[in-house]
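A short worksheet on the structure shown next.
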Amino acid sequence: MHTIYSVDSLITPEEVAYYAKKRGLDGVAVTDHDRLDSALRMCKEKDFLILPGMEITSSNGHIVALNVQDPVVKGLTVEETVDRIHDAGGIAIACHPGAMFKGSLGNHTTSMFDAAEVVNSSAIPFRHSVKRGEQIASRLKIARVAGSDAHYGPEIGCAYTLIDAMPDIDDVVNAIKRKQCQPFGRAIPLAVRLKREITVLRRRFGPRGET
Ligand SMILES: [Zn+2]
């Protein structure tokens, strides 16, 4: 999921744990676009499991890095990006690999990846992206995960990954590597999408202070 440190998200750090707990999640991965500082700070501050990560804009499409301590620069090829994630001790996830209009990797997803995000709640058309994600993950024999790709509080938890691990960052990441995980979830409901869009417009054009 993304926080206000990604230009396109409305979610404040305070809202992350609030909505995640409300939806019954045991933890969330914070993956802001091309920055790691926000997630690193939150994972230290919060009394809730936050996996520190970032969504990197590689030259071939978006890649999520989880459990890295140093940011990976954008604009590198898939191979270079995944190598740097592994060198930084993290895992590389092909996020929304089969989705259209989202800067997806598509056929650039290789077996170098630790996992593919098969279910991404914000992908349109949803079913098509799940189907392509499944095909990619099974062809490469890599782990399958799910993510809400939330940019608005109520979207958190629309998708989730069931992981056979203790609520601990290293344990969770190692379980994903061993494919001890399963993706679940649905598309963000249309009503929630509309509410998000209205909130964005109000903030942009509404009277000062109105949210
Ligand atoms: Zn993306």
Net charge (Lys, Arg +1; Asp, Glu -1) of residues whose beta-carbon lies under 14 Å from that of G103, G103 excluded, is -3
Percent antiparallel among DSSP beta bridges confined to segment 79-211, rounded to 5, stands at 40
Magnitude of the Cβ-charge dipole (Lys and Arg +1, Asp and Glu -1) of the chain about the Cα centre, nearest 20 debye, reported as 920
The ³J(HN,Hα) series, computed from each phi in segment 20-27 with the Karplus coefficients 6.51, -1.76 and 1.60 at θ = phi - 60°, rounded to the nearest Hz and given as x for glycine or proline, is 5, 5, 4, 8, x, 7, 8, x
Quick calc, segment 74-198, dipole around Cα centre from Cβ unit charges on Lys, Arg (+) and Asp, Glu (-), nearest 20 debye, gives 640
Per the C-alpha gyration tensor (a ≥ b ≥ c, the square roots of its eigenvalues), segment 55-191 is rounded if a/c is under 1.5, else prolate if a/b beats b/c, else oblate; here it's rounded
Ranked output for segments 150-158, 166-174, 180-188 by mean other Cβ atoms within 10 Å, highest leading, reads 150-158, 180-188, 166-174
Karplus-derived 3J(HN,Hα) from phi for segment 118-134 (6.51 cos²θ - 1.76 cosθ + 1.60, θ = phi - 60°), whole Hz, x at Gly and Pro, runs 6, 9, 10, 5, 9, 6, 10, x, 4, 4, 4, 5, 5, 4, 5, x, 4
With +1 on the Cβ of every Lys and Arg and -1 on the Cβ of every Asp and Glu, the dipole magnitude of segment 1-87 about its Cα centre, in debye rounded to the nearest 20, is 340
If each part is reduced to its alpha-carbon centroid, segment 157-189 and segment 60-106 end up apart, in Å, by 18
With Cα springs under 10 Å, the Gaussian network model of the chain assigns the largest mean-square fluctuation among S58, S104, S138 to S138
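Values quoted throughout were computed directly from the atomic coordinates according to the rules given, and no laboratory measurement underlies them. Every value quoted in this text rests on a predicted model; they were computed, and no experiment measured them. Quick reminder, even Gly has a Cβ in these numbers, built from the backbone with ideal geometry, and neighbours come from all protein chains shown.
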